[in-house]
Amino acid sequence: MSSPKDKTVSLRTERVKRAGGKTPPVSRSGFPATRLRRNRRADWSRRLVRETTLTTDDLIWPIFLIEGEAKRSAIAAMPGVERLSIDLAVKAAEEATSLGLPAIALFPNTNPALRDDAASEALNPGNLVCRAVRAIKSAAPDIGIICDVALDPYTSHGHDGLLVDGEIDNDLTVEVLIAQALVQAEAGCDILAPSDMMDGRIGAIRAALEENGFANTQLLAYAAKYASASYGPFRDAVGSSSMLRGDKRTYQMDPANGAEALREVALDIAEGADMVMVKPGLAYLDIVWRVKEAFGVPTLVYQTSGEYSMIGAAAMSGWIDRERVMLESLIACKRAGADAIFTYFALEAAKLLKAKA
Ligand code: PBG
């Protein structure tokens, strides 16, 4: 029996024979002139030809807030993530700054007694998120602060907008979002991120910011936000899941649609968005790619709570390697064209990247 090696040799002999004794020309366009494994042999070489890099500059850390002092509370569906009282959020922001993270995103868990049908607590300049913005701005002024513009932490029904006769009323909601945006801008928020998916809210908020002396406040539009099943743990974290009646499919996008995302993004850019977001992450990287290709604007991606929890749970069961899957999921977002990633892994990834550097 001949070994595979003998077989290669005899095939070559055959070709030499057929070419009349002359060595046949080596193909320059394919194998073996091209052997893609050559560049992969050594670590130094893999680093040399690497197309995409992940740095702490790419990561935004979402932080959940609760009332109180020196208080932290675990989120059952997100092992490793805690809600923090403002004083601890300040410490977290300082740590994030020292690790080089460019920005944090704040999400309040509003006291249920303060939630009502009009989302009035959203307009209170002394609400939890506004107090946190002020405290963090004075203690850690070098990190960017992002605030959600949406009513779900404040409504008694858990929706991002106001309900009128059982429907989310678009234009009425936009009026409240404008007021919420101004309250947060006044508190010192750097980037306002409307995540509500109402029509026309970017233009309306942008105009209000210009008129009220906040021309430099940035707008990050959750432009292509899908009605995904992966927001469940987040809704637990902010305390809206037990309140939510129905679902969000009349305003968040149908996961089956791609072209529609481009229309959403085009509108938000035209209305004055400085950056756009695609959400969720991993299952929607085709959308990230299309958006980045079509518009070339700063494009962010949100690795959602459900994505975090899926990786965390599988790792806790010992089925996957937490660090490797985490880094792989983040680099995949970068490769798809994301300029930055909202991720609950931000702090952990930043520490890991620092240790590797
Ligand atoms: C609220 C909001 C949600 C998220 C960010 N802002 C939840 C939702 O739309 O129901 C999801 C974040 C996550 O799952 O990590 N407008």
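The values are calculated or read from the model by the stated rules, or taken from the named source; none is laboratory data. Bear in mind that the values here come from a model prediction, so they are computed numbers and not experimental data. Glycine gets a Cβ as well: all are built from the backbone with ideal geometry, and neighbour counts include every protein chain shown. Heads up: the accessible areas ignore ligands, DNA and RNA and are worked out on the full protein's heavy atoms, side chains in. Shrake-Rupley method; radii C 1.70, N 1.55, O 1.52, S 1.80 Å.
Exactly one residue out of 95, 121 is in a helix (DSSP H, G or I), open to solvent by 50 Å² or more (accessible area, probe 1.4 Å) and modelled with pLDDT of 95 or more: that is 95. In segment 48-92, the residue that is least open to solvent (accessible area, probe 1.4 Å) out of those that are of a type in the set (D, E, K, R) and not in a helix (DSSP H, G or I) is 83. The criterion of being open to solvent by less than 30 Å² (accessible area, probe 1.4 Å), in contact with a Lys or Arg (Cβ under 8 Å, 6 or more places away or on another chain) and of a type outside the set (A, V, I, L, M) holds for residue 222.
Within the span defined as segment 338-357, one or more residues are closer than 25 Å to residue 94 by Cβ, out of contact with any Leu (no Cβ under 6 Å at 6 or more places or on another chain), in a loop (DSSP other than H, G, I, E, B) and modelled with pLDDT under 95.
For residue 130, indicate whether it is within 16 Å of the ligand (Cβ to nearest atom), open to solvent by less than 30 Å² (accessible area, probe 1.4 Å) and of a type outside the set (Gly, Ala, Ser). The answer is no for residue 130. Applying the condition of being open to solvent by 10 Å² or more (accessible area, probe 1.4 Å) and over 14 Å from residue 53 (Cβ atoms) to segment 338-349 and asking which residue is nearest to the chain's Cα centre (by Cα) yields 344.
Under the condition of being more than 16 Å from the ligand (Cβ to nearest atom) and in contact (Cβ under 8 Å) with a residue 12 or more places away in the chain, the residues counted in segment 44-83 number 15.
Of the residues making up segment 143-188, just one is open to solvent by less than 10 Å² (accessible area, probe 1.4 Å), more than 12 Å from the ligand (Cβ to nearest atom), without any contact (Cβ under 8 Å) to a residue 60 or more places away in the chain and part of a loop (DSSP other than H, G, I, E, B), namely 143.
Counting only residues that are in contact with a Cys (Cβ under 9 Å, 6 or more places away or on another chain) and β-branched (Val, Ile, Thr), segment 188-207 holds 1 of them. Return yes or no: is residue 187 of a type in the set (A, V, I, L, M, F, W, C), more than 20 Å from residue 268 (Cα to Cα) and in the same structural domain as residue 242 (by TED's automatic domain parsing)? For residue 187, the condition - of a type in the set (A, V, I, L, M, F, W, C), more than 20 Å from residue 268 (Cα to Cα) and in the same structural domain as residue 242 (by TED's automatic domain parsing) - is met.
Scanning segment 238-293 for residues that are in contact with a Leu (Cβ under 8 Å, 6 or more places away or on another chain) and loosely packed, with under 13 Cβ neighbours inside 10 Å yields a total of 0. Among the residues in segment 242-257, are any more than 19 Å from residue 103 (Cβ to Cβ) and in a helix (DSSP H, G or I)? No - not one qualifying residue is present in segment 242-257.
Restricting segment 289-306 to residues that are assigned to a helix (DSSP H, G or I) and within 16 Å of the ligand (Cβ to nearest atom), the residue that is farthest from residue 208 (Cα to Cα) is 306. Filter segment 219-233 down to the residues that are under 13 Å from the mean Cα position of the chain (by Cα) and either within 15 Å of residue 307 (Cβ to Cβ) or near the ligand (Cβ under 9 Å from one of its atoms) (or both) and list them by number. Passing the criteria: 222, 225, 226, 230, 231. Residues in segment 314-322: is at least one within 19 Å of residue 61 (Cα to Cα) and open to solvent by 10 Å² or more (accessible area, probe 1.4 Å)? Yes, there is a match, as at least one residue in segment 314-322 is within 19 Å of residue 61 (Cα to Cα) and open to solvent by 10 Å² or more (accessible area, probe 1.4 Å).
If a residue has to be open to solvent by less than 50 Å² (accessible area, probe 1.4 Å) and either within 16 Å of the ligand (Cβ to nearest atom) or on the phi < 0 side of the Ramachandran plot (or both) to count, how many in segment 99-115 make the cut? Summing the residues that are open to solvent by less than 50 Å² (accessible area, probe 1.4 Å) and either within 16 Å of the ligand (Cβ to nearest atom) or on the phi < 0 side of the Ramachandran plot (or both) in segment 99-115 gives 11.
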